[in-house]
Amino acid sequence: MQYSYFCPCPRGLEAALAEELQEIAALSRTMSVHNQVPGGVHCSGAMEDGWRINLYSRIASRVLLRMANTSYANENDIYDLVLGTKWEDWFGIHHTIRVDVTAVKSPLKSLEFVTLKIKDGVCDRFRDMYNQRPSVNTRNPDIRIAGFLDARSFTLYLDLSGEPLFKRGWRMETGDAPLRENLAAGLIRTSGWKPGTPLLDPMCGSGTILVEAAQMIAGIPPGYNRSFAFEKLNQFNKNAWQAIKAAVRLNTVTEPQLFGSDISGDMLVMARINLRNAGIPFEVPLKQIEAQEVKPPVEGPGVVLTNPPYGERIGVRGNSQLDSDEMATAFFSAFSRTLKQRFAGWTVFLFTADLGVPKLLRLKESRKTPFFNGALECRLFRFDMVAGFNRREQAKPQQGAEQAE
């Protein structure tokens, strides 16, 4: 039997997710990838394909199984659709449930009321059939039900993931304003980096980018060491799921070509623990050093991919209360000089919510890709460090450099 799935993702990563889903579909004879929409990608396949996406997708936030769809005029139309859905085929009265609703241009005034009507529809269905109803648990539910409203239609989903997919299960602590794991994975894919190419994160924090890249190098699926909501459904087949996991082929890695550094020793301790918790079978060299002091870890070109400090994260490098503080300006000026003088031939990607970073670096980006980190609008800036930068930099008057020290 074929099912329809919707895989939401951080905005800006729809094309990257569609590309990734095509790769996952290549592992299956029954899965097809359909259209991208703002905030996600539609696909279809057998029940096992939904499980497979949960196991392998680094970019999706969840995997939602479409249960029903209708046009609506009011909340009663939504209630009727929910009441008519065969929830008893999927789970029982002993399961706890949670309902979440999102909407785009819906004329209905209260999403809380819509959420309540969906919950009532599910519970009334069970009460009508068994004279009992499942309990609601908003913190740790067994079953998550999702509703989506646009201007005219309502779609009902069963969440196969449970906890969001960016929660891989390896993160110890986050530090300040962490990058979500699926966003980090999407940035890596968007950069075009592939295992075998040197990758350096000179402001690695708790190591999110490094862990995601390391799991790609090792061939470890992001969902390999966590559980999912679909394991509690009536349709779950433990043997089939074990067979899907047993088909995973990990890579033998001799030279991972992955490097990180940060100014904070505490962050590097956290990064090492996260790498270990993520099952990374090789050592990732981590140095405690200011970003503007870094040197290329290998001969020849590579990729720098980092999420430089901004706002709250600027910490020791500046005062986030100032519009354009001198400390941040000095830091980016010095970091720019390091990139120009030491990283000729490298491709540098900076992911930031500070859209003025190219100006602070005095570099012209070759590409900028818009993304959202939650509600925060960000850019992934690409800078191609050509060999001539170093000579041009040395020929400039050094007054600006002295001020930046």
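The values are calculated or read from the model by the stated rules, or taken from the named source; none is laboratory data. It should be emphasised that the depicted structure is a prediction, and the values quoted were computed from it without experimental measurement. Methodologically, a virtual Cβ is constructed for each residue, glycine included, from the backbone with ideal geometry; neighbour enumeration extends over all protein chains shown. Side chains are part of the model used for accessible areas, which takes the heavy atoms of the whole protein and leaves out ligands, DNA and RNA. Shrake-Rupley method; radii C 1.70, N 1.55, O 1.52, S 1.80 Å.
Before moving on, here are some points about what is shown:
- Considering the range 78-94, and only residues there that are out of contact with any Leu (no Cβ under 7 Å at 6 or more places or on another chain) and among the hydrophobic types (A, V, I, L, M, F, W, C), the residue that is nearest to Arg144 (Cα to Cα) turns out to be Trp87.
- Qualifying residue in the range 271-288 (condition: without any contact (Cβ under 8 Å) to a residue 60 or more places away in the chain and of a type in the set (A, V, I, L, M, F, W, C)): no
- Considering residues of the range 32-45 that are of a type outside the set (Ser, Thr, Tyr) and open to solvent by 20 Å² or more (accessible area, probe 1.4 Å) only, the residue nearest to Ile217 (Cα to Cα): Val33
- Test for Ser71: is it farther than 25 Å from Thr138 by Cβ and polar (S, T, N, Q): yes
- Answer from Gly311, Gly345 - the residue that is open to solvent by 20 Å² or more (accessible area, probe 1.4 Å), on the phi > 0 side of the Ramachandran plot and modelled with pLDDT of 95 or more: Gly345
- On the stretch given as the range 183-230, residues that are open to solvent by less than 10 Å² (accessible area, probe 1.4 Å), farther than 16 Å from Met267 by Cβ, small (Gly, Ala, Ser) and within 17 Å of the chain's Cα centre (by Cα) total 5.
- Whichever residue in the range 355-390 is free of Cβ contacts under 8 Å to residues at least 24 places away in the same chain and either part of a strand (DSSP E or B) or touching a Gly at 6+ places or on another chain (Cβ under 7 Å) (or both) and, among such residues, is most open to solvent (accessible area, probe 1.4 Å): Lys368
- Complete set of residues in the range 270-287 that are outside any loop (DSSP other than H, G, I, E, B) and over 13 Å from Arg168 (Cβ atoms): Met270, Ala271, Arg272, Ile273, Arg276, Leu286, Lys287
- Search result, residues across the range 128-155 that are out of contact with any Leu (no Cβ under 9 Å at 6 or more places or on another chain) and among the small types (Gly, Ala, Ser): Ser135, Ala151, Ser153
- Single unsatisfied condition, Thr155 versus (1) out of contact with any His (no Cβ under 7 Å at 6 or more places or on another chain); (2) modelled with pLDDT of 95 or more; (3) farther than 27 Å from Ile59 by Cα: (3)
- Neighbours by Cβ (under 6 Å, 6+ apart or cross-chain): first from the range 49-77, farther than 20 Å from Asp89 by Cα and of a type in the set (A, V, I, L, M, F, W, C); second in a strand (DSSP E or B) and open to solvent by less than 50 Å² (accessible area, probe 1.4 Å): Ala60/Cys7
- Which numbered condition Glu19 fails, given (1) open to solvent by less than 60 Å² (accessible area, probe 1.4 Å); (2) over 22 Å from Phe236 (Cβ atoms); (3) not in a strand (DSSP E or B): (1)
- Condition check for Lys167: surrounded by fewer than 19 Cβ atoms within 10 Å (Cβ to Cβ), over 21 Å from Trp346 (Cβ atoms) and out of contact with any helix residue (DSSP H, G or I) (no Cβ under 9 Å at 6 or more places or on another chain): no
- Flag set for Gly175, criterion: on the phi > 0 side of the Ramachandran plot and either assigned to a loop (DSSP other than H, G, I, E, B) or modelled with pLDDT of 95 or more (or both).
- In the range 59-118, the residue that is nearest to Cys43 (Cα to Cα) out of those that are among the β-branched types (Val, Ile, Thr), open to solvent by less than 50 Å² (accessible area, probe 1.4 Å) and in a strand (DSSP E or B) is Thr70.
- Each residue in the range 134-164 was checked for being surrounded by 21 or more Cβ atoms within 10 Å (Cβ to Cβ) and aliphatic (A, V, I, L, M), and 6 pass.
- Residue count for the range 231-256, restricted to those that are exposed (fewer than 12 other Cβ atoms within 10 Å of the Cβ), of a type in the set (Lys, Arg) and closer than 20 Å to Ile24 by Cα: 1.
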